[in-house]
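The values are calculated or read from the model by the stated rules, or taken from the named source; none is laboratory data. Keep in mind that what you see is a predicted model, and the values were worked out from it rather than measured. Note that we place each Cβ from the backbone using ideal geometry, even for glycine, and neighbour counts take in every protein chain shown. The accessibility values were calculated without ligands, DNA or RNA, using every heavy atom of the protein model including side chains. Shrake-Rupley method; radii C 1.70, N 1.55, O 1.52, S 1.80 Å.
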Amino acid sequence: MGALTDIRLDEYLKLSQVEKGAYLKRDGRLFHVLFAQQFGREDLESLGRLATRIRFIAKTKEGMDFLRNVLSDKRAMLYFSQPSTRTFLSFCAACQILGITTGEVRDTSTSSELKGESREDSVRTFSSYFDLIIMRSEIGGLAERMAWTLSNTERPVPIINAGSGKDQHPTQALLDIYTLQRSFETTGGIDGKTIMFVGDLARGRTVRSLSLLLLNYSDVRQYFVAPEGYQIGSDILQTLDKAGVRYKLSSDFHALIPEADAIYMTRVQDEWDKTDGKPAVSFDRGRYSFGVEDLKRLKEKAVLMHPFPRRTEIDPAVDHDPRAVYWRQMRNGMWIRAALIATIFGREKVIDEHAASKV
Ligand code: NCD
């Protein structure tokens with residue numbers, strides 16, 4: 001299968017996401033990271049293994065000194081035209097761990113976009129100076145179009161989608177899977193588990209990407225729990241139907257808590273109310289929040305997750321419970337993003353060899 005240089009943009013855009021995935025490699029290796037469907041189970045397992053190796057190597061100064069040389073020949077551009085704390089900082093930290101120097105544009109009112117420059121020209125400009133572009137945008141599908149455009153220039157640098165519109169957030173889903181892998185290490189892994197998504201599922205891109213990545217595991221049940229008007233999109237449900245995945249739609253969160261192995265809480269994405277996103281329907285927030293009392297009904301080995309930022313979905317008094325893994329989940333983002341970047345640049349072997357030499 002070819003790369004994005006071998007196909008016209010209009011032809012590429014007509015393909016299914018799974019078909020598109022085959023065009024995102026370069027010389028047989030992971031190149032652009034655009035959506036969840038491009039990852040298979042083997043990819044998820046090897047990224048998780050590499051993240052864990054990096055995490056262990058980073059425990060000593062000697063290890064950190066080694067890691068800082070792994071990609072000291074590369075520069076990355078962080079282009080975030082939408083607000084971000086964790087994704088931005090964890091990518092920044094991941095780059096620092098691997099010795100990558102970074103540049104950033106976070107506010108397009110300070111860049112030439114204010115002078116009328118197109119996003120295409122901005123991204124192409126970044127590719128003149130940097131070896132990797134990590135981008136977040138409010139425009140769904142933008143990272144994908146940019147990846148095609150850049151692939152067809154003389155400086156085809158990889159693009160990582162750090163969140164695109166309401167559609168996808170693939171690297172968040174990677175860190176969520178890594179968190180599930182680690183959480184279920186002693187209880188048989190992700191296969192066979194019940195994962196429950198709660199909140200604004202209509203516009204939560206993290207939920208969409210994670211739901212799709214879970215298709216790589218067998219016998220996983222997915223529960224979508226949302227108030228009226230906020231339920232998950234029919235495109236996701238059709239994909240689950242096709243894959244023969246068992247799922248449940250509900251609006252009764254508290255009744256379902258005892259059934260879940262992982263609960264994935266989300267906030268209301270009301271920034272979309274002002275633009276094209278529909279919901280703006282009011283509902284009782286308490287019915288979709290997790291409080292101290294709910295801990296009693298949560299399975300002993302279950303985990304409570306949240307991509308953050310949180311508002312009232314999880315009472316901070318719950319944070320001390322060992323099943324509340326969202327702070328660990330956040331930190332996992334840094335390790336899995338470091339593993340992802342090392343893989344894109346084909347440096348996973350050097351890291352493996354270093355880890356092997358230390359045992
Ligand atoms: C999420 C996002 O940006 O989609 N945040 C994140 O990256 N952890 C979730 C959100 O904003 O609610």
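Across the stretch 223-257, the residues whose backbone nitrogen lies under 20 Å from the label position 7 Å along the beta-carbon direction of Lys301 are 223, 257. For Arg68, the accessible area of its heavy atoms, probed at 1.4 Å with every protein chain present, is near 110 square angstrom.
For the stretch 242-290, the square roots of the Cα gyration tensor eigenvalues, ordered a ≥ b ≥ c, give a/c of at least 1.5 with a/b no greater than b/c, which places it in the oblate category. Full extension of the chain between Ser218 and Ser251 gives 9.3 nm of extra length, using 0.36 nm per residue less the Cα-Cα distance.
A simple charge model with +1 on the Cβ of Lys and Arg, -1 on the Cβ of Asp and Glu and nothing else charged puts the dipole of the chain at about 640 debye relative to its Cα centre. Per-residue Karplus couplings for the stretch 303-317, computed as 6.51 cos²θ - 1.76 cosθ + 1.60 with θ equal to phi - 60°, are listed in order as 10, 10, 10, 6, x, 6, x, 9, 10, 10, 5, 10, 5, x, 5 Hz, Gly and Pro entered as x. Residues whose amide H lies under 5 Å from that of Ala324, counting only those 5 or more places away or on a different chain, are Leu304; hydrogens are built 1.01 Å from N in the peptide plane. Basic side chains Lys and Arg get +1 at the Cβ, acidic Asp and Glu get -1 at the Cβ, and with that the dipole of the stretch 171-331 about its Cα centre reaches some 240 debye.
Just the number please: accessible area per residue for the stretch 248-359, 1.4 Å probe, all protein chains included, in Å².
Details: 5520 Å² over 112 residues.
Result: 49 Å² per residue.
Averaging the sequence gap over all C-alpha pairs within less than 8 Å and six or more residues apart, then dividing by the number of residues, gives the stretch 171-331 a relative contact order of 24 percent. Rounded to 0.05, the FRET efficiency of the Arg311 and Lys25 pair, given R0 = 51 Å and the Cβ-Cβ distance, is 0.85. Spin-label model, Asp6 to Glu42: label points 7 Å out along the Cα-to-beta-carbon direction sit 1.8 nm apart.
When the Cα positions of Ser137, Gly21, Ile195 are compared along the charge dipole of the chain, Ile195 comes out farthest toward the positive end, with charges on each C-beta of Lys, Arg, Asp and Glu. Solvent-accessible area assigned to carbon and sulfur over the stretch 192-341 amounts to 51 percent, based on a 1.4 Å probe. Annotation: amide H of Tyr264 within the under-5 Å range of Met196, Phe197, Val198, Met305, sequence separation 5 or more or interchain, hydrogens built in the peptide plane. Label-to-label distance for Arg155 and Asp107 is 2.5 nm, based on points extended 7 Å past Cα in the beta-carbon direction.
Taking amide hydrogens as placed 1.01 Å from N in the peptide plane, the amide H of Ala76 sits under 5 Å from those of Thr101, Thr102, Gly103, Asp131, each at least 5 positions away in sequence or on another chain. Measuring max minus min along each principal axis, the C-alpha atoms of the stretch 171-331 give extents of 44, 40, 30 Å (largest first).
So if R0 is 35 Å, what FRET efficiency would Asp284 and His320 give, r being the distance between their Cβ atoms, rounded to the nearest 0.05? Given R0 = 35 Å and the Cβ-Cβ separation, E is 0.85.
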